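Worksheet: the structure to be examined is printed underneath.
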Amino acid sequence: MHTLKMNTINNNQLIFLGTAGGRFSVFNQIRKSGGIWFKLNNRLFAIDPGPGALIESIKRGLFPNRLSGIFLSHRHLDHCADINSIIESMTEGGHKRRGCIIAPKAATDEDPVILNYNRNNFKLINTAENSLYEIEGVKIDTKMKHKHTTETYGAVFSFENHSFAYIPDTKYFEDLAHSYQSDVVIANVVFCKEKKGFMHLNSNDIYKFLEIFKPKKMIMTHFGLSFLNKKPWEIAREITKKTAVDVVAAYDGMVVDI
């Protein structure tokens, strides 16, 4: 496994603190579930800090008090269970007002997953469809609302000529490939094959995406237990062979330069 230290030379990287998706693989910790952290312009950000994000980030030298921002795609616990712990660490127990959180209203209103008592310690932005935000020089371009069981958004993150796209939980629809175009595309692919009644991507949806747009690298992550049993790295090799696109199955601790 790769371990990233903050003094690494490359200032533009993706760090997979966890690659589990769905209830069984997350809440039995078949794989870790700390989300995806990244550096752009030497600024540190967290995406979907699920269970274990605080421990895994510190273990890998990614200290939350250096975070510039957090992007939360939606309110489900496998994506947000550690968000309040990360906020506490980011703001040093509320002693420093710092950082920005972009999150759907469903995650902040009524039954909030971001606790109210901490709200004055950071800047909060509620996600809007097809909107552009900028945090310390890093652009965050959100896309359309996803087809999921709660309000869910993904984004393209960029700084100068470095960028990547993040597709969180959703049922497949064609606008995904038209909207999430970048050299590196990350997709939450919970299932190997379609499961009726579940609003998640499966590996066959990656073929549909690649028929419309071929990135330089496609990274599958957020694997459910049934997909893990099918060995997603072998499925990724098969997709690569058939599409001529570099398709990778992420693993816990994986680091990718962007």
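Quick notes
- Test: residue in region 114-136 that is modelled with pLDDT of 95 or more, surrounded by 15 or more Cβ atoms within 10 Å (Cβ to Cβ), touching a Leu at 6+ places or on another chain (Cβ under 9 Å) and not in a loop (DSSP other than H, G, I, E, B): no
- Pairs with Cβ under 6 Å, 6+ apart, first in region 108-137 and at positive phi, second surrounded by 13 or more Cβ atoms within 10 Å (Cβ to Cβ) and among the small types (Gly, Ala, Ser): Glu136/Ser68
Okay, residues lined up against (1) more than 19 Å from Ala244 (Cβ to Cβ); (2) under 16 Å from the mean Cα position of the chain (by Cα):
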position	(1), (2)
Ala155	yes, yes
Ile167	yes, yes
Val190	yes, yes
Glu194	yes, no
His200	yes, yes
Asp205	no, no
Lys208	no, no
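- With respect to the conditions (1) surrounded by fewer than 20 Cβ atoms within 10 Å (Cβ to Cβ); (2) over 30 Å from Glu174 (Cβ atoms), Gly99 lacks only one, and its number is (1).
- Candidates in region 75-104 are the residues that are in a loop (DSSP other than H, G, I, E, B) and in contact with a strand residue (DSSP E or B) (Cβ under 9 Å, 6 or more places away or on another chain); of these, the one that is farthest from Arg31 (Cα to Cα) is Arg97.
- Contact map, region 147-163: first residue closer than 9 Å to His74 by Cβ, second residue loosely packed, with under 15 Cβ neighbours inside 10 Å and among the charged types (D, E, K, R), Cβ cut-off under 9 Å, separation 6 or more or different chains; pairs are Glu151/Lys105; Tyr153/Glu129.
- Some residue of region 62-74 being in contact with a strand residue (DSSP E or B) (Cβ under 8 Å, 6 or more places away or on another chain), part of a strand (DSSP E or B), under 24 Å from Met199 (Cβ atoms) and in contact (Cβ under 8 Å) with a residue 12 or more places away in the chain: yes
- Residues satisfying the criterion are present in region 181-194 (criterion: among the acidic types (Asp, Glu), surrounded by fewer than 21 Cβ atoms within 10 Å (Cβ to Cβ) and not in a helix (DSSP H, G or I)).
- Reported count of residues in region 137-146, each being more than 16 Å from Asn12 (Cβ to Cβ) and in a loop (DSSP other than H, G, I, E, B), is 4.
- Residue in region 63-79 that is aliphatic (A, V, I, L, M), crowded, with 21+ Cβ neighbours inside 10 Å and under 14 Å from the mean Cα position of the chain (by Cα) present: yes
- Taking (1) modelled with pLDDT under 95; (2) touching a Phe, Trp or Tyr at 6+ places or on another chain (Cβ under 7 Å); (3) on the phi > 0 side of the Ramachandran plot in turn, Gly197 satisfies each apart from (2).
- Qualifying positions in region 198-249 - in contact (Cβ under 8 Å) with a residue 40 or more places away in the chain and among the acidic types (Asp, Glu): none
- Within region 34-55, being free of Cβ contacts under 8 Å to residues at least 40 places away in the same chain and either part of a loop (DSSP other than H, G, I, E, B) or over 10 Å from the mean Cα position of the chain (by Cα) (or both) holds for Lys39, Asn42, Leu44, Pro49, Gly50, Pro51, Gly52, Ala53, Leu54, Ile55.
- Being without any contact (Cβ under 8 Å) to a residue 40 or more places away in the chain, within 19 Å of the chain's Cα centre (by Cα), surrounded by 15 or more Cβ atoms within 10 Å (Cβ to Cβ) and within 20 Å of Ala165 (Cα to Cα) is not true of Val256.
The values are calculated or read from the model by the stated rules, or taken from the named source; none is laboratory data. Here the structure is a predicted model, which means the values were calculated and not measured. Glycine also receives a Cβ, built like all others from the backbone with ideal geometry; neighbour counts cover every protein chain displayed.
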